[in-house]
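The values are calculated or read from the model by the stated rules, or taken from the named source; none is laboratory data. From a predicted model like this one, the values you see are computed outputs, not experimental measurements. Note that each Cβ is placed from the backbone with ideal geometry, even for glycine, and that neighbours are counted across all protein chains shown. For the accessible areas, the whole protein counts, side chains as well, though only heavy atoms, and no ligand, DNA or RNA atoms are used. Shrake-Rupley method; radii C 1.70, N 1.55, O 1.52, S 1.80 Å.
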Amino acid sequence: MNIILMENVEKLGQVGDVVKVKDGYARNYLLPRQLGAPATAGNIKRLEKEKVKRLAIWEAEKKVAQEKADQLSKISLTVAVEVNEEEKLYGAVSDSEILHAFEAQGQKIDKKSLVIEKPVDALGEFEIGVKVHPQVIAKIRLWVTKKS
């Protein structure tokens, strides 16, 4: 079944994309949640009109997100952890420790928006990301130091 996406669906497509999905997925998931609509000629025509409006809104949101990402990129976080005699961490720095460091800087960040490519499991400087928009990720400098 061909469906026009009305919302961004992860791993499927963006708003306005016409995608081919299985009938059950469309009937049981996409259509009841109003994430998509059947790809009829009338719906495609209506979508073309709405697409221009949505694109303008999307670009405005992206611009605001880029400004926030630039602001976040100026932040440098420090997390103090306990280490053994060999200066090795007992474990990796957790997401909650990073979120507490953000709160100490006066920033409220959602746990799901953190982008950590590899575990932070040593002392030193690391780069982590914060997803502020589906296409905008702010790069944050994270310093891991030992507790005194």
What strands (runs of 3 or more DSSP E), lying completely within the range 11-95, carry at least 3 residues that are of a type in the set (Val, Ile, Thr)? 76-81
Long-range neighbours under 9 Å by Cβ, at least six apart or interchain, first residue farther than 12 Å from Glu7 by Cα within the range 17-33, second β-branched (Val, Ile, Thr): Val19/Ile3; Val19/Ile4; Val19/Val9; Lys20/Ile3; Val21/Ile3; Tyr25/Ile3; Ala26/Ile3; Tyr29/Val21
Glu82 open to solvent by 90 Å² or more (accessible area, probe 1.4 Å), of a type in the set (Asp, Glu) and touching a residue at least 40 places away in the same chain (Cβ under 8 Å): yes
Expected single match for open to solvent by less than 40 Å² (accessible area, probe 1.4 Å) and either without any contact (Cβ under 8 Å) to a residue 60 or more places away in the chain or charged (D, E, K, R) (or both) among Ile3, Ile44 is Ile3
If you go through Ala69, Ala60, Ala101, Ala65, the only one that is surrounded by fewer than 16 Cβ atoms within 10 Å (Cβ to Cβ) and either of a type in the set (Gly, Ala, Ser) or farther than 29 Å from Glu125 by Cβ (or both) is Ala60
Enumeration of residues in the range 104-138 that are over 26 Å from Lys62 (Cα atoms) and open to solvent by 80 Å² or more (accessible area, probe 1.4 Å): Ala104, Lys118, Pro119, Asp121, Glu125
Can you tell me which residue among Arg27, Arg54 is over 19 Å from the mean Cα position of the chain (by Cα), farther than 30 Å from Ser148 by Cα and open to solvent by 100 Å² or more (accessible area, probe 1.4 Å)? Arg27
